[in-house]
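The values are calculated or read from the model by the stated rules, or taken from the named source; none is laboratory data. If you're wondering where the values come from, they're calculated on a predicted model, not measured in any experiment. Note: ideal-geometry Cβ built from the backbone for every residue, glycine included; neighbour counts use all protein chains shown.
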Amino acid sequence: MWLRPWHIIACVISLAAVLIGFAYTAGERTKDILLGVGVNLLSSVVFFVLLELYWQRIKRANGKEVSGFDYRKFARNVARSNRVRVLGTFIYPLTAHPGHAQERQALLQALQDMVRSPSFVGVQMLFLNPSSPTAQSRAAERKDDNVLQRIGESLLTLESFLKLIDGESARSRFEIKLFSRMPPFSLFQMDDFGSISFYYRDRPISEVTRYEFFMDSPIGEFVEKTFEDLWRDEQTVAIEDYLRRLPAADSANQ
């Protein structure tokens with residue numbers, strides 16, 4: 001059986017209580033020794049708890065760097081979350097890329113289960129508008145893949161998914177928008193935990209170093225504000241509005 005910190009704390013407190021209890025039935029000299037040892041044990045527990053709380057606050061404030069991004073782990077975390085935010089050009093599990101077929105199935109199932117959960121709060125996804133000049137610029141930077149094609153595949157997947165959950169009572173809390181002003185980073189957020197990565201030439205965000213943090217940290221507050229500004233930007237459009245305009249645009253081109 002694995003010992004956890006609270007197991008040790010409980011044992012130390014119990015031992016301290018026993019020593020202090022025996023101290024009141026022992027002789028004067030033994031009483032002083034038992035009381036001293038018992039009080040020191042209790043003091044060490046208090047010191048450990050305070051140090052642990054302080055260390056947890058440091059970890060929450062500083063965050064940590066990790067290599068790459070695991071989409072399967074992301075899908076598992078989505079299934080356990082009540083609130084999810086995604087910001088990026090596109091993400092591979094939503095495309096037709098053959099190397100991400102299993103991740104695609106896992107993520108779509110996790111999102112569907114999440115929407116049906118009684119504790120579901122909401123999903124907000126921001127992806128790059130393929131009709132924007134920013135999309136053309138990002139496509140020029142990514143010679144390793146066809147960015148515009150991948151964005152189009154993502155939108156088709158999301159359109160089908162929205163139709164799938166259209167009858168769900170929580171459908172209105174599953175929101176997808178398309179932005180036209182490129183942010184400095186991509187974001188994945190599950191509840192109060194998030195991670196960001198910066199954009200590189202000829203490299204997807206899943207292959208570069210990411211920074212993980214808690215949303216109540218200073219960087220988390222900055223990232224959340226950046227997301228909200230982009231979400232409310234006048235050039236940002238809901239995916240439903242974008243898709244409704246596509247037939248009209250196609251007819252005009254013909």
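Observations
- When region 166-181 is filtered for residues that are in contact with a Leu (Cβ under 9 Å, 6 or more places away or on another chain) and either buried (at least 16 other Cβ atoms within 10 Å of the Cβ) or in contact (Cβ under 8 Å) with a residue 60 or more places away in the chain (or both), the ones remaining, listed by number, are Phe174, Ile176, Lys177, Leu178, Phe179, Ser180.
- Test: residue in region 210-217 that is in contact with a Ser or Thr (Cβ under 6 Å, 6 or more places away or on another chain), closer than 17 Å to Gly88 by Cβ, assigned by TED's automatic domain parsing to the domain that holds Val123 and surrounded by fewer than 17 Cβ atoms within 10 Å (Cβ to Cβ): yes
- The combined condition, being of a type in the set (Asp, Glu) and in a helix (DSSP H, G or I), is fulfilled by Glu159.
- Checklist (1) more than 24 Å from His100 (Cα to Cα); (2) of a type outside the set (Phe, Trp, Tyr); (3) touching a strand residue (DSSP E or B) at 6+ places or on another chain (Cβ under 7 Å); (4) without any contact (Cβ under 8 Å) to a residue 60 or more places away in the chain applied to Asp191, failing item: (4)
- Looking across Glu234, Glu212, Glu221, Glu168, one residue alone is part of a helix (DSSP H, G or I) and either of a type in the set (Asp, Glu) or modelled with pLDDT under 95 (or both). It is Glu221.
- Pair list, Cβ under 6 Å, 6 or more apart: region 104-132 residue assigned to a helix (DSSP H, G or I), other residue surrounded by fewer than 20 Cβ atoms within 10 Å (Cβ to Cβ) and acidic (Asp, Glu): Val115/Glu168
- Taken over region 189-209, the residue count meeting the criterion of being hydrophobic (A, V, I, L, M, F, W, C), at pLDDT 90 or above and more than 24 Å from Pro133 (Cα to Cα) is 2.
- Every residue from region 83-103 that is surrounded by fewer than 19 Cβ atoms within 10 Å (Cβ to Cβ), touching a residue at least 24 places away in the same chain (Cβ under 8 Å) and outside any strand (DSSP E or B): Ala96, His97, Gln102
This table checks each residue for (1) closer than 19 Å to Arg201 by Cα; (2) over 22 Å from the mean Cα position of the chain (by Cα); (3) at pLDDT 95 or above.
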site	(1), (2), (3)
Gly88	yes, no, no
Thr95	no, no, yes
Phe120	no, no, yes
Phe127	yes, no, yes
Asp145	yes, yes, no
Ser154	no, no, yes
Leu158	no, no, yes
Glu175	no, no, yes
